[in-house]
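Working notes for the structure below.
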Amino acid sequence: MITRGMAVGVVLAGAALGLAGSASADPLSGSYTTTVTEGAGMLVPGSTSTAVLTPCGADCTHITKGEMQSDLHSQGATWNGTFAGSRTGTLSLDPGSLILTAVDDGGFNIVWALTKNA
C-alpha cells in the first residue's frame, strides 16, 4: 500500500510540475544556436547561425537573428511576431520544442531548431 501511494504521489507531483512549466509565459532569453531544418530552397538544411533572445516586457521576447529582428508576443502556446529586412513576414516560436518558423510574404517557409548556448 505504501509503495502504491508513493507512486501516485510521484505521478501527481510530476504532472503538477509539467503543467506549471507549460503554462508559463516567461520570455525566453539568452543566446541560441539555430539549425535550419527546412530551408525553402534558400537555406541549406543543417546550417547554423546564432539568435539572441531578450525579454522586452510582459509576454514579450525580442529576437535578433542576423538582420532579422522581431518582438514576439505570447499568444496561447506560441510566441508570434513580424519581421522586416530584405524580406518581411511572420515569425512563430514554440517555447516547448524551441522551433522557430518564419513565413515570408512570398510564402516561403523556413524552420530552425534552437539550442540554448551555455
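Just order 60-73, 39-52 by mean Cβ neighbour count inside 10 Å, highest at the front, would you?
Values: 60-73: 17.6, 39-52: 12.5.
Ranked from most to least packed, the peptides come out as 60-73, 39-52.
Give me the net charge of Thr90's neighbourhood, meaning all other residues with Cβ under 13 Å from the Cβ of Thr90; Lys, Arg count +1, Asp, Glu -1. Present the calculation step by step, with values, prior to reporting the outcome.
Numbers: positive: Arg87; negative: Asp71, Asp104, Asp105.
Spelling it out: positives minus negatives among the neighbours equals -2.
Counting only other residues whose beta carbon sits under 15 Å from that of Glu67, what net charge do I get with K and R as +1, D and E as -1? Mind showing how you got there, number by number?
On the way: positive: Lys65, Arg87; negative: Asp104.
Around Glu67, the surrounding residues sum to +1.
Just so you know, all these numbers are worked out from the coordinates, no wet-lab data involved. Note that the coordinates shown come from a computational prediction; the quantities given were computed from them, not determined experimentally. Please note: Cβ atoms are built from the backbone with ideal geometry, for glycine as well, and neighbour counts cover all protein chains shown.
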